[in-house]
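What follows is a set of notes on a single structure, which appears directly below.
The values are calculated or read from the model by the stated rules, or taken from the named source; none is laboratory data. As the structure is a computational prediction, the values presented were derived from the model and not from experiment. Please note: Cβ atoms are built from the backbone with ideal geometry, for glycine as well, and neighbour counts cover all protein chains shown. Ligands, DNA and RNA are excluded from the accessible area calculation, which covers all protein heavy atoms including side chains. Shrake-Rupley method; radii C 1.70, N 1.55, O 1.52, S 1.80 Å.
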Amino acid sequence: KEALFYSLCDPVKGRLDELFSQFKIFESGKNFRDESFLNSFISITAKGIASFVNEKRASLLLILDCSAGTRYEGYRAEVAEYLERHFTNDLSKTQKNGENLYVMRIIAVNLVQSIIDIIRRNKGESWSGKIIAGYLRYHIRGIAQFFES
């Protein structure tokens, strides 16, 4: 049973780590106020995530939501902490204060939980792509206010 769990989850974790790296490279130094870049980023990111969700739904749920007692038990929290660090590092100097640091934590946890909810309710790649694109647009536009100088 354990071997089966890891045979399903190990490749998914590797691919998740790779996707995070790719997204970080793609967005590095970019301006999310640029509508052209924003639309491109959302389209590419949503399609990539939706394809992954459609292909690996069960494994994603295992690793992100059903991994108690395994080496992935804290992976959901690790993803949220990674996102929190990413958001915190991008805060403008005027926005780096205790309250906003905590807001970044809340935003990161909500993002991870929202993606898990989308994975659970997946109705196909097209549906997931539209939902993820809408959520990313909401997320990016909302968080952008913290990154302005």
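A few points about this structure:
- Only one of the numbered conditions (1) over 11 Å from the mean Cα position of the chain (by Cα); (2) surrounded by fewer than 18 Cβ atoms within 10 Å (Cβ to Cβ) is not met by Phe146, and that is (2).
- Residues that are crowded, with 16+ Cβ neighbours inside 10 Å and not in a helix (DSSP H, G or I), drawn from region 118-129: Asn122
- Complete set of residues in region 7-25 that are at pLDDT 90 or above and crowded, with 16+ Cβ neighbours inside 10 Å: Cys9, Val12, Lys13, Leu16
- Region 26-69 - residue that is among the hydroxyl-bearing types (Ser, Thr, Tyr) and either in contact with a Lys or Arg (Cβ under 7 Å, 6 or more places away or on another chain) or open to solvent by 30 Å² or more (accessible area, probe 1.4 Å) (or both) and, of those, nearest to Asn122 (Cα to Cα): Ser51
- Screening Tyr6, Tyr75 for residues that are of a type outside the set (A, V, I, L, M, F, W, C) and over 17 Å from the mean Cα position of the chain (by Cα) leaves exactly one candidate, Tyr6.
- 1 or more residues among the basic types (Lys, Arg) and under 20 Å from Arg137 (Cα atoms): qualifying helices (runs of 4 or more DSSP H) within region 1-117: 2-27, 35-65
- Condition met for Ile132 (free of Cβ contacts under 8 Å to residues at least 60 places away in the same chain and open to solvent by less than 40 Å² (accessible area, probe 1.4 Å)): no
- Sub-8 Å Cβ pairs linking a first residue in region 4-31 that is among the basic types (Lys, Arg) to a second residue that is open to solvent by less than 90 Å² (accessible area, probe 1.4 Å) and in a loop (DSSP other than H, G, I, E, B), at least 6 apart or interchain, are Lys13/Tyr72, ordered by first then second residue.
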